[in-house]
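Single-structure report; data block below.
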Amino acid sequence: RFVTPFGDIALAAFAVTRRVEQVANLGSQGMGLASGVIVGQSLGAGKPERAKQTMYWAIGYVLAVKSILCLLLFAFPELVLSIFSRDPEFLQVASLWIRITVLGFLFMGAGQVFQNSFQMAGDTVTPLLITLVSLWVVGIPLAYVLTQFTGLGEFGVAWATVIAMMIRGGAYVPYFLSDRWMRVKMFEQQPAARE
């Protein structure tokens, strides 16, 4: 809705860069799920340090792979975008859009590992709240403000997306360091019945 007033080229650039973002996040989503399974098993086995180490390794791996991907996308966005269209105006707008949003991919990757790991540890409320705040309280209102009241035009949506990704990824860090996620109980243990 915020991009449509800026025309077809802006809308096409927005749509294509969102697809690129989805492809870029496939690896981190999978790593987050894998990390979440091991975190859940580790906490269930009473090994919280193993759960923490799993998340450190998963985040480190995601950041290493995403850093390479982000550098390539930032340096050569036209290589990917030309698959969709070779229109010069589209390539110009979409390349700038990619270069802006690629800044948030690292935060999104780490955020996906945190989110899936916390959910598998039994804490579904914290990821829900962080996602709601970063998207609905920050991202969407900021996209409106940046497109309507600054000179950024359609790129206000790109900057709002990046800022929301950074907030989402960064908001998990203090919660992770607090270790509260390791004490969430999914089910209360019932005492064994006596015979």
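Could you tell me which residue of segment 30-51 is surrounded by the most Cβ atoms within 10 Å (Cβ to Cβ), considering only residues that are part of a helix (DSSP H, G or I) and without any contact (Cβ under 8 Å) to a residue 40 or more places away in the chain?
Among those that are part of a helix (DSSP H, G or I) and without any contact (Cβ under 8 Å) to a residue 40 or more places away in the chain, it is Ser42.
When residues of segment 141-153 are filtered for being out of contact with any Leu (no Cβ under 7 Å at 6 or more places or on another chain) and either open to solvent by 60 Å² or more (accessible area, probe 1.4 Å) or hydroxyl-bearing (Ser, Thr, Tyr) (or both), how many remain?
Qualifying residue count, segment 141-153: 7.
Is it the case, given these coordinates, that Ile140 is under 19 Å from the mean Cα position of the chain (by Cα), more than 30 Å from Gly44 (Cβ to Cβ), of a type in the set (A, V, I, L, M, F, W, C) and part of a helix (DSSP H, G or I)?
Yes.
Please name all residue pairs, on different chains or six or more residues apart, with Cβ atoms under 9 Å, provided the first residue is in segment 120-140 and is farther than 27 Å from Val157 by Cα and the second residue is surrounded by fewer than 20 Cβ atoms within 10 Å (Cβ to Cβ) and of a type in the set (D, E, K, R).
These pairs meet every condition: Gly122/Lys185; Asp123/Arg180.
Among the residues of segment 154-186, count how many are surrounded by 18 or more Cβ atoms within 10 Å (Cβ to Cβ) and part of a helix (DSSP H, G or I).
Residues meeting the conditions: 20.
The values are calculated or read from the model by the stated rules, or taken from the named source; none is laboratory data. Because the structure is predicted, anything quoted here is derived from the model rather than measured. A quick note on method: Cβ atoms are made from the backbone with ideal geometry, for glycine too, and the neighbour counts reach across all protein chains shown. Calculation scope for accessible area: heavy atoms of the full protein, side chains included, ligands and nucleic acids excluded. Shrake-Rupley method; radii C 1.70, N 1.55, O 1.52, S 1.80 Å.
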